[in-house]
Amino acid sequence: MPILVGLIVLECAMCRVPNDYTYKNNWLTENISRVHIWTFGSSHGLYGISPRYFSKPAFNSAHVSQPLKYDAFIFNKFINNADSLEWIVLPVSYFTLTSKMEDGEEWWRIKNYCIYYDCPYHPWETKYHTEVVGNPLSLYKQIKRVGRYWIKGVDDNSCDSLGLDLRYSKESREDNWWTDGSQRVKYHTKDLAKSQPVIQENKGYLESIIKTCADRHVKVLIVTTPVCSTYYDCVDSAQYALMIETCKQMENQYEHVQYLNLFKDSRFVEDDFHDSDHLATEGATKLTKILDEYISQQ
């Protein structure tokens with residue numbers, strides 16, 4: 001009984017530590033009506049798109065490893081109150097169409113949507129609804145995290161006021177940042193034959209967002225963010241072609257959709273990157289200005 005009570009207290013304490021998910025859910029609840037440009041995506045969007053450099057009010061709803069399923073969930077949760085929305089910016093990366101969080105190593109991130117966004121998915125699975133069970137940290141580190149907040153006031157929020165994660169800078173790069181491309185590509189590459197159910201599911205989420213935007217007269221910019229040559233030189237040609245063909249298909253099929261492929265864009269140089277496939281904050285500024293100029297010309 002004392003152990004059970006202790007775990008319940010720890011769970012309650014952990015769920016009250018502010019983090020990126022609570023911040024973005026609360027911000028969107030209060031402010032979505034004044035957003036003109038709304039961005040989504042995984043870490044490529046989280047670290048790579050800085051809303052403050054758009055010409056119109058914008059917000060970044062990306063999270064680490066966020067797949068299209070949870071892009072669609074956040075979009076659908078708030079779209080009915082997005083009265084000023086003109087554009088959504090939807091990153092589609094090399095791995096986007098073959099990713100399903102439930103089947104991957106980062107399944108534990110699902111709890112962040114269920115606990116902090118009130119996501120109704122997986123209602124009967126405890127691991128998706130508790131920090132103690134669903135957190136990859138050891139129990140000692142979980143307790144340490146709680147103490148860091150409740151004693152020292154240090155929370156888990158790492159994004160700025162408009163949703164850009166500030167942890168990736170060129171100063172914080174690891175020594176092997178330039179040469180890790182092949183390893184990262186290997187992690188992101190899937191067997192396309194075995195991945196067909198996931199691919200079709202993700203295409204469905206992508207198209208559902210696009211169709212809802214059409215109904216609300218909102219334009220969609222699908223963007224593939226830049227990577228280093230050590231990354232793009234190693235990609236599987238068939239998986240890369242799947243990404244390109246799917247995005248172009250959406251652009252050709254829907255008048256309100258544009259596709260901008262910056263995967264190998266030469267305007268991005270070494271100082272713009274944190275690692276082989278993520279932009280640093282300096283690169284995020286450059287990318288956002290490019291997106292803003294593109295949107296302004298449409």
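Suppose we filter 51, 18, 91, 67 for residues that are crowded, with 17+ Cβ neighbours inside 10 Å, within 30 Å of residue 126 (Cβ to Cβ) and touching a residue at least 40 places away in the same chain (Cβ under 8 Å); which single one remains? Let's see the steps before the verdict.
Values: 51 fails: within 30 Å of residue 126 (Cβ to Cβ); 18 fails: crowded, with 17+ Cβ neighbours inside 10 Å; 91 fails: within 30 Å of residue 126 (Cβ to Cβ).
Answer to the selection: 67.
Of a type in the set (Ser, Thr, Tyr), open to solvent by less than 40 Å² (accessible area, probe 1.4 Å), in contact with a Ser or Thr (Cβ under 8 Å, 6 or more places away or on another chain) and not in a loop (DSSP other than H, G, I, E, B) - does that describe any residue in region 241-253? It would help to see each step written out before you state the result.
Going residue by residue through region 241-253, those that are of a type in the set (Ser, Thr, Tyr) are 246.
When the remaining residues are screened for being open to solvent by less than 40 Å² (accessible area, probe 1.4 Å), the result is 246.
Filter once more, keeping what is in contact with a Ser or Thr (Cβ under 8 Å, 6 or more places away or on another chain): none.
Looking through region 241-253, none of the residues is of a type in the set (Ser, Thr, Tyr), open to solvent by less than 40 Å² (accessible area, probe 1.4 Å), in contact with a Ser or Thr (Cβ under 8 Å, 6 or more places away or on another chain) and not in a loop (DSSP other than H, G, I, E, B).
Select from region 7-58 the residues that are in a helix (DSSP H, G or I), among the hydrophobic types (A, V, I, L, M, F, W, C) and more than 15 Å from residue 75 (Cα to Cα) and list them in ascending order. I'd like the intermediate steps shown before the answer.
We begin by selecting, within region 7-58, every residue in a helix (DSSP H, G or I); these are 7-15, 20-34, 43-48, 51-53.
Restricting the remaining residues to those that are among the hydrophobic types (A, V, I, L, M, F, W, C) gives 7-10, 12-15, 27-28, 32, 46.
The answer is 7, 8, 9, 10, 12, 13, 14, 15, 46.
Just wondering, is there one or more residues in region 262-283 that are in a helix (DSSP H, G or I), β-branched (Val, Ile, Thr) and crowded, with 21+ Cβ neighbours inside 10 Å? Don't jump to the end; show me each part of the working.
At the first step, the residues of region 262-283 found to be in a helix (DSSP H, G or I) are 270-272, 281-283.
In the following step, the residues that additionally are β-branched (Val, Ile, Thr) were identified as 281.
The next check asks that each one be crowded, with 21+ Cβ neighbours inside 10 Å; those that pass are 281.
Yes, region 262-283 contains a residue that is in a helix (DSSP H, G or I), β-branched (Val, Ile, Thr) and crowded, with 21+ Cβ neighbours inside 10 Å.
Would you confirm, using the coordinates I've provided, whether residue 230 is over 20 Å from the mean Cα position of the chain (by Cα) and buried (at least 18 other Cβ atoms within 10 Å of the Cβ)? If you could, list the steps in order and put the result at the bottom.
On the way: over 20 Å from the mean Cα position of the chain (by Cα): yes; buried (at least 18 other Cβ atoms within 10 Å of the Cβ): yes.
Yes: the conditions hold for residue 230.
The values are calculated or read from the model by the stated rules, or taken from the named source; none is laboratory data. Source: prediction; values computed, not measured. For neighbour counting, all protein chains shown are included, and Cβ atoms are generated from backbone atoms with ideal geometry for every residue, glycine included. These area figures cover heavy atoms from the full protein model, side chains too; ligands, DNA and RNA do not enter into them. Shrake-Rupley method; radii C 1.70, N 1.55, O 1.52, S 1.80 Å.
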